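S.K.: Here it is, the structure in full.
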Amino acid sequence: MADQNNRLVPISREEIVILLESGYVLMNMSKWSEAREVFTGAAALLPKSEVPRLALGTLEFAQGRHDKALQEYRKAQQLNPKSALPRAHAGEALLFLGKANEATRELKAAVELEPDGDGGQLARALLEAKEAGALPPPKAAKK
């Protein structure tokens, strides 16, 4: 059972940061399997936190698996519906899946949730890049 900090077992914030950072280091080294193990472990330790799910989504996205990335970002959204960052990342994945209209809705929702936060800033940058034509063209017809 998780304690009041949404953690399965007692673990300090510093230890969580180190764990997640080690996963990102492995990911940046293209050690996909090892990074997945780290992020999956973090998700098990922090079952009510969206952060490990964002990391898993980023891992999938980095490998070009945008559909799987979107699934992880959706899980992160469910864990923290008031956070803009999962929405911004979901919007990015949707753009790469060719779902421009749905992506735009997600990105605008992220900006509304946190106009000046990291999620809102990422969403705004993605919207601007989309408008400038800097992102890949939609793979599917606009819906």
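The numbers here are math on the coordinates, done by the rules we state, and not lab data. Note that this is a predicted model, so its numbers are computed, not measured. As a convention, Cβ positions derive from the backbone with ideal geometry for all residues, glycine included, and neighbour counts pool all protein chains shown.
S.K.: Counting only helical runs of four or more DSSP H residues, what would the 222 nm mean residue ellipticity of the chain come to if each run contributes -39,500 (n - 2.57) and the total is spread over all its residues?
M.R.: So the helix-based figure for the chain works out to -22000 deg cm²/dmol.
S.K.: Right, here's the next one. Between Ala134 and Ala44, how many nm apart are label points set 7 Å from Cα along the C-beta direction?
M.R.: 4.0
S.K.: Same structure again: Of the candidates Glu50, Glu131, Glu102, which one comes out as most mobile in a Gaussian network treatment of the chain with C-alpha springs shorter than 10 Å?
M.R.: Glu131
S.K.: Now a separate question. Could you sort 52-65, 27-40, 109-122 so that the peptide with the highest average Cβ count within 10 Å comes first and the rest follow in order?
M.R.: Per-residue mean Cβ counts within 10 Å order the peptides as 52-65, 109-122, 27-40.
S.K.: Before anything else, pin down the relative contact order of the chain: Cα pairs under 8 Å, at least 6 apart, normalised by residue count, whole percent. Don't skip to the end; give the middle numbers.
M.R.: On the way: 213 pairs, mean separation 23.0, N = 143.
The value is 16 percent.
S.K.: Ok, one more. At 7 Å along Cα-to-Cβ for each site, give me the label-to-label distance between Gln78 and Met29 in nm.
M.R.: Simple spin-label model gives 3.3 nm for this pair.
S.K.: May I pose another question? Once the Cα gyration tensor of segment 13-131 is found, what semi-axes does its equivalent ellipsoid get, as square roots of 5 times the eigenvalues, in whole Å, sorted largest first?
M.R.: After scaling each eigenvalue by five and taking roots: 24, 16, 12 Å.
S.K.: Would you kindly state how much longer the chain becomes between Glu37 and Lys108 on full extension, computed as 0.36 nm times their sequence separation minus their alpha carbon distance, in nm to one decimal?
M.R.: Values: separation 71, 0.36 × 71 = 25.56 nm, distance 3.27 nm.
Gain in length upon complete extension: 22.3 nm.
S.K.: Among the complete DSSP H segments of the chain, which ones combine at least 24 Å of alpha-carbon extent along their axis with a mean Kyte-Doolittle hydropathy of -0.5 or more? Numbers along the way, then the final one.
M.R.: Working: long enough: none.
Passing helices, by number: none.
S.K.: Give me the extension gain from Ala125 to Val17: residue separation times 0.36 nm, minus the current Cα-Cα distance, reported in nm with one decimal. Could the numbers behind the result be given before it?
M.R.: Working: separation 108, 0.36 × 108 = 38.88 nm, distance 2.60 nm.
Using 0.36 nm per residue and subtracting the Cα-Cα distance, I get 36.3 nm.
S.K.: Net charge near Lys68: determine it from the other residues with C-beta under 14 Å of the C-beta of Lys68, scoring Lys and Arg +1 and Asp and Glu -1. Show your work: numbers first, answer last.
M.R.: On the way: positive: Arg36, Arg53, Arg65, Arg74, Lys75; negative: Glu60, Asp67, Glu72, Glu92.
Local net charge: +1.
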